[in-house]
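Readers should treat all values here as calculations from the given coordinates under stated rules, not as data from a laboratory. Predicted, not measured: the structure shown is a model, and the values here were computed from it. No Cβ is skipped: glycine too gets one built from the backbone with ideal geometry, and neighbour counts run over all protein chains shown.
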């Protein structure tokens, strides 16, 4: 299963929900929503967000989609040869850091929502808000 055009429109709702949570937390973020293969479906960068947060949000989303789990759960194993090899084979776009969660629709992986710009915990809070909006 992949993110459909209708769900991509929902991805914009995910972005709005993640940005809404960022406003509550008082941070500026970048948000990426990707399909199960880690390809970008939607992206937004808040005014004042660091330019590098865009790369972080997408890299975390790619990792989350690639392993069908929150990207933060992968951080502990990031230095393992297999994890480095997978990231390298994917083109170095996979970031094993807290801040992205997978999106499941009807039990199937549909993609992931990744956030960069705050602490890992803040990014994950925003990503959860975003992914929940896609499911709503």
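Quick one: length gained pulling residue 76 to residue 108 fully straight, 0.36 nm per residue minus the C-alpha distance?
Contour length minus the Cα-Cα distance gives 9.0 nm.
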From DSSP H assignment alone, runs of 4+ in the chain each adding -39500 (n - 2.57), the sum over residues rounded to the nearest 500 puts [θ] at 222 nm at -15000 deg cm²/dmol
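Where does each of 76, 90 land when they are ranked from fewest to most other beta-carbon atoms within 10 angstrom?
Ascending Cβ contact count within 10 Å gives the list 76, 90.
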Computed on alpha carbon atoms, what radius of gyration and Dmax characterise the chain, expressed in Å?
-> 13.3, 39
How much length is gained on full extension from residue 24 to residue 55, taking 0.36 nm per residue of separation minus their Cα-Cα distance?
-> 8.9 nm
Modelled FRET efficiency - R0 22 Å, residue 119 with residue 93, Cβ distances, 0.05 increments | 0.50
